[in-house]
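Before any comments, here is the structure.
The values are calculated or read from the model by the stated rules, or taken from the named source; none is laboratory data. Treat the numbers as computed from the prediction; the structure is a model and nothing was measured. Quick reminder, even Gly has a Cβ in these numbers, built from the backbone with ideal geometry, and neighbours come from all protein chains shown.
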Number of protein chains: 2
Amino acid sequence: MRRHLTQELHNLIERGRDRQLRLAVTGLSRAGKTAFLTSLVHQLRHAGLEARLDLLRAAREGRLLGAQRVAQPDLGVPRFPYDAAMAALDGTPPQWPAPTRGISELRLTIKHRTRRARGLLGDTATLTLDLIDYPGEWLLDLPLLEHDFLSWCEAQQATLGAERQRLSAAWLQAAGALSPDDTADENHLAEVAAHYATALRASREAGFADLQPGRFLLPGDLEDAPVLQFFPLLDIGEAQRAELEALPGSSVYKTLARRFDHYRRHVVKPFYRDHFRRFDRQIVLVDVLGALNAGPERFEDLSRALGTLMRSFDYGKRSLLNRLFSPRIDRLAIAATKADHVTPEQHPNVVALLEALLAEPLKDLRYADVPVKALSLASVSATEPRDVEHEGRRRAALRGTTLEGEDVLLFPGDVPPRLPAHDFWARQGFAFTAFRPPQRDTAALPHVRMDAALDWLIGDKLT
Amino acid sequence: MRRHLTQELHNLIERGRDRQLRLAVTGLSRAGKTAFLTSLVHQLRHAGLEARLDLLRAAREGRLLGAQRVAQPDLGVPRFPYDAAMAALDGTPPQWPAPTRGISELRLTIKHRTRRARGLLGDTATLTLDLIDYPGEWLLDLPLLEHDFLSWCEAQQATLGAERQRLSAAWLQAAGALSPDDTADENHLAEVAAHYATALRASREAGFADLQPGRFLLPGDLEDAPVLQFFPLLDIGEAQRAELEALPGSSVYKTLARRFDHYRRHVVKPFYRDHFRRFDRQIVLVDVLGALNAGPERFEDLSRALGTLMRSFDYGKRSLLNRLFSPRIDRLAIAATKADHVTPEQHPNVVALLEALLAEPLKDLRYADVPVKALSLASVSATEPRDVEHEGRRRAALRGTTLEGEDVLLFPGDVPPRLPAHDFWARQGFAFTAFRPPQRDTAALPHVRMDAALDWLIGDKLT
C-alpha cells in the first residue's frame, strides 16, 4: 500500500514538472516504423548496460539509468506490439517484425540523473515518454481538408502517370463509363470503388506512395461502408462547377461528393483532432534507398507524397492545420532508414539526398520556425561494413545475410547526393539488397545513429 | 434531370408522410441473421412475381408492387452484403452465406398500392425500409451499464458452470494467481485478458451464448487496445468493497475497473446512443432447436442470454435504457429460426417452447405494453416435408441434403412444448441435422412463414 501511495504522489509531481512527452513515429508503409519503435524501446531499456548510445548525451554522461514500460494512458488505442516484434528479431532465423496496422502506442518511464554544474551528477528524475506509431498514409489525407470533391478529382488526375494508369486500368475503364449526371446505383458505385481500392493497393505494392484516400488501404471497421466507396471522377474540372453543382442529390456526382465530404469530416478530421494535435515531437521515417532502387516514376511519386505529408508539420500561422487544430509539435526529425544497406562513407550522401528530396517542405518548415533535423539511421543494423580488395583497389563493402539466408558480401554502389538526373536512371547506378536481421550474440540490438535520433527527439528532456 | 427532380420531391413528401421505417434484425451468432435478411430482401424484391407471401396482407391483396435497393443513409456503416449472400445460395452446390461481422445495413424502397374501402385499390405509395443487422452479443453488454466492476465480477462468477469452467481453465489459472492489490503490469494483464478472450471464444464455439463482454468476440479496430484487456477478478464481492475502493490507482483492481468503465462509456453506450435508439421495429432470431440439440447446460445458458438480451426491449418507464437513451421500438418479433429442420406438425411446439424459454422477459414486455409476437420460421427452407410409412405407421419426415451432400430422409423427432425436464435430456429425444440450402428451380427462395414475420413487422405500413 505504501509503495502505491508513493507512486501516485510521484506521478502528480511529474505532471507538475511537465516531464511527460508524446513522441509520434510515422512513415509511409515499409519505411521501417515497427523496427524503429522496437529498437528505440530496446535501446532505452538497455541504456547503461549493453546499448551503444554515445550520441545521446545523457547516456554518454552516464546519467541514463534505464527505462520501464508502464500502462498507456489511452485505453482505446491498441498497444504497440513490442514483445511480438522482439520475438521476431530473436527468432531462428531472425525475422523483421510484422508491420503494424493503424495506430498503436506504448508508454515508457525513463529514469535518469539531472545535470549539475561542473559535470556533477544531480538527483534522480523520471521522464514519461508516450510513443505513438501511426501510418504516414493518414497524413496524405490532409489535403482532402482543403479540397472539395471537384477540386480533389482534378488534383488526383494529375497524379496518374503512365505506370499508375497501367495499374489502374480496370478502374479507369469502369469510371470512364460513368457520367456525373447518371443516377447513382449504390451497387455499381461499390463495384467501381472496389476497382479504385484495388488500383491503390496495386500501386502501393508496386512502390507508389502518393495515394489518396489513405484509409482505402487499411479500412478496418469501415470495410464495405459507403464512406469508403468513392473515387475521383475523370475529365471534370472547375470549368464545369456550376453545371455539376446544379445536379440533383441522387446523381453520381452528388453521391460521391457526399461520401467525400463524410470522409473528410468523420475520418480525416478525427485523426487530427483526437491524436495529432496532442503530439509534442515527431519523427518521419523515409525509405529513400528503396525509392532510389525502384526507378524514376516511383522516386518522383515519393517526392510528391513526402511534400504532401510534410505539410502536416508546417505550422505557419495561416496554415489550415493551425486554424483547425492548433497542433503543438515543437521538434521534428526526418530520417532516411535502412542506412545499413549502403556502406558508411555513403551515409552523408543519403542525408544530402533526403534533404534534396525534401527541399521545398524543409524551406517552409524553417520559415515557419519549426526545429527540424534530417539524418540517416538503421534501427536494427543487418550488415557489417567491410573493406575489401576488388580489382586491385580497396573498396567499402557490406557483409550480411539475404532474406533467403545466403551470406553475401556486396558493393551496393553510390548514392547520389542530389536528386538523380536522367542519366542516373539510365545507368541504373544503385542496387539495393534486402537483408535479414542479424543473429545477435549480445543483448543489445546493433543500430546506426539511433542514439543521434534519440538525442534530438528527447535529449533536452534528460537534462 | 427531370427524373431527378421528381425523385427529390417524392423523397420530401415521403418523409413528410412518415413513410420510413428502420427495422433491426439481431440474434446471437449462428441464429441465422444473414439468411433471414437475405431472404427478406429477396422475398420483397420478388413480391408479386414468384414469391409466396400469402400471410403478408398487402401481397395477398395484390397491392405489393415490388422493392428496390437504394443508397443507405448512414455512410459510415458497412452495407449488408446481399449480393454475396445470394451468390452463395445460388452456388453449385448451394451454400449458406458467410456470417456478417458487426453492424451492416441496407435500404429498400417498397412500392405498393394503398387500401380503399370495399377492396378497391388506391394510389401508389412508397415505403422506405432501412434494414439494420447487428450482433445480438452487443445487447448482452446492456447489464454492464448497470454494473460497476465489482458487481460485474460477482455476477460473472455465477455464470461459470462446470463446462464453462473447463473451457476457461487456462484463464482461471492465470486469474487465480492475481491479487486485486498487486501492482498492475500491463503486459501481464494483456496476457490474462488474452486467456479470457480465448475462453469466451471457446465457449461460443461450444454453443454458449451468455458471454460478456460482447466485443471481446469481435474486437475490430479495438484489437490489442487496453479497453479490451480486462476480465472479472475471482472471489471478490460486495463484502470487500470498502477495502477494494481504497486501493491505489496502479493496483490490478483499479486498473481493471478503469478499463471496465472505459468499455461501458466508449463501447457499450455509443451503440445504444448512435444506433439502437433509432430503431423503429426489431426482430430477434433464436436458434432454439440448436440449443435443444446441444444439451442442458447450453440450453440453460441460452435461456439466461435471452433473458439478458430481451432487457434491451423492456421499456418500462423506470428502465435504465429509457432513462439513458429513450429508444422508440414500437413492435417486436421473436422468431425461432430453422423451423424447416423439424416436421411441420412440430412448429406449434417450437413456438410454445420459445415462449416458455422467454416466459419471464415476455411477461415484462407485455407489462411494459410493448407489442411482441413469437413465431417460428425458416428464412430459406432447406427441406421438404414428406409423409412416409414407417414400421407400419404413417409418420411425418423431412427430405433434404446434408452439408456433406448426401440426400436423406429423416425423422427429427418431437420438440417439447415446454422447458425440457431432466428426463428429456436423459432420453436425448431430439436429433438435429444440418442441411445445405436447396437447389432452386424457380427464382424465389422457399421459406417458412417469412411472410408472417413481414406482416407483423411492416404490414401496417403497407395499407
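At a glance:
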{"quantity": "Filter result for A:LEU127 (among the aliphatic types (A, V, I, L, M) and not assigned by TED's automatic domain parsing to the domain that holds A:THR308)", "calculated": "no"}
{"quantity": "Some residue of the range A:47-61 being of a type in the set (Lys, Arg) and over 23 Å from A:ILE283 (Cβ atoms)", "calculated": "no"}
{"quantity": "Conditions (1) surrounded by 14 or more Cβ atoms within 10 Å (Cβ to Cβ); (2) away from every other protein chain (no Cβ under 14 Å); (3) closer than 30 Å to A:LEU302 by Cβ; number of the one not met by A:ASP133", "calculated": "(2)"}
{"quantity": "A:ASP210 being charged (D, E, K, R) and within 14 Å of chain B (Cβ to nearest Cβ)", "calculated": "no"}
{"quantity": "Answer from A:ARG63, A:ARG79 - the residue that is in the same structural domain as A:ALA453 (by TED's automatic domain parsing) and either under 25 Å from A:ASP455 (Cβ atoms) or without any contact (Cβ under 8 Å) to a residue 24 or more places away in the chain (or both)", "calculated": "A:ARG63"}
{"quantity": "Wholly enclosed helices (runs of 4 or more DSSP H) of the range B:350-463 bearing at least 3 residues in contact (Cβ under 8 Å) with a residue 12 or more places away in the chain", "calculated": "B:359-367, B:450-458"}
{"quantity": "Selected residue [more than 14 Å from chain B (Cβ to nearest Cβ), farther than 23 Å from A:VAL286 by Cβ, touching a residue at least 12 places away in the same chain (Cβ under 8 Å) and touching a Leu at 6+ places or on another chain (Cβ under 8 Å)] from A:LEU172, A:LEU89", "calculated": "A:LEU172"}
{"quantity": "Residue satisfying condition, being modelled with pLDDT under 95, assigned to a helix (DSSP H, G or I) and within 14 Å of chain A (Cβ to nearest Cβ), within set B:ARG201, B:ARG215, B:ARG273", "calculated": "B:ARG215"}
{"quantity": "Residue under evaluation B:ILE110, criteria (1) within 14 Å of another protein chain (Cβ to nearest Cβ); (2) of a type outside the set (D, E, K, R); (3) surrounded by 18 or more Cβ atoms within 10 Å (Cβ to Cβ), criterion not met", "calculated": "(1)"}
{"quantity": "Conditions (1) under 30 Å from B:GLN20 (Cα atoms); (2) among the aliphatic types (A, V, I, L, M); (3) touching a helix residue (DSSP H, G or I) at 6+ places or on another chain (Cβ under 6 Å): number failed by B:VAL415", "calculated": "(1)"}
{"quantity": "Only listed residue being at pLDDT below 90 and at negative phi, chosen from A:ASP407, A:ASP387", "calculated": "A:ASP387"}
{"quantity": "Sole residue being of a type in the set (Phe, Trp, Tyr), in contact (Cβ under 8 Å) with a residue 24 or more places away in the chain and touching a Ser or Thr at 6+ places or on another chain (Cβ under 6 Å), chosen from B:TYR196, B:TYR134", "calculated": "B:TYR134"}
{"quantity": "A:ASP181 being in contact with a strand residue (DSSP E or B) (Cβ under 7 Å, 6 or more places away or on another chain), of a type outside the set (Phe, Trp, Tyr) and either within 14 Å of chain B (Cβ to nearest Cβ) or assigned to a loop (DSSP other than H, G, I, E, B) (or both)", "calculated": "yes"}
{"quantity": "Among the candidates A:ASP414, A:ASP441, A:ASP460, residue that is out of contact with any Leu (no Cβ under 9 Å at 6 or more places or on another chain), modelled with pLDDT of 90 or more and farther than 17 Å from A:VAL41 by Cα", "calculated": "A:ASP460"}
{"quantity": "Set A:TRP171, A:TRP152: member being more than 26 Å from the chain's Cα centre (by Cα) and surrounded by 21 or more Cβ atoms within 10 Å (Cβ to Cβ)", "calculated": "A:TRP171"}
{"quantity": "Residue check for B:ARG393: surrounded by fewer than 14 Cβ atoms within 10 Å (Cβ to Cβ) and of a type in the set (Lys, Arg)", "calculated": "yes"}
{"quantity": "Qualifying residue in the range B:205-216 (condition: surrounded by fewer than 17 Cβ atoms within 10 Å (Cβ to Cβ), in contact (Cβ under 8 Å) with a residue 40 or more places away in the chain and not aromatic (Phe, Trp, Tyr))", "calculated": "yes"}
{"quantity": "Residues located in the range A:70-83, provided they are among the aliphatic types (A, V, I, L, M) and under 20 Å from the mean Cα position of the chain (by Cα)", "calculated": "A:VAL77"}
{"quantity": "Residue satisfying condition, being within 14 Å of chain A (Cβ to nearest Cβ) and assigned to a loop (DSSP other than H, G, I, E, B), within set B:ASP235, B:ASP224, B:ASP261", "calculated": "B:ASP224"}
{"quantity": "Pairs where the first residue, in the range A:15-29, is within 24 Å of A:ASP210 (Cα to Cα) and at pLDDT 80 or above and the second is acidic (Asp, Glu) and in a strand (DSSP E or B), C-beta under 7 Å, 6+ apart", "calculated": "A:VAL25/A:ASP133"}
{"quantity": "Matching helices (runs of 4 or more DSSP H) fully within the range B:55-172 where at least 1 residues are of a type in the set (D, E, K, R) and within 25 Å of A:ALA225 (Cα to Cα)", "calculated": "B:82-89"}
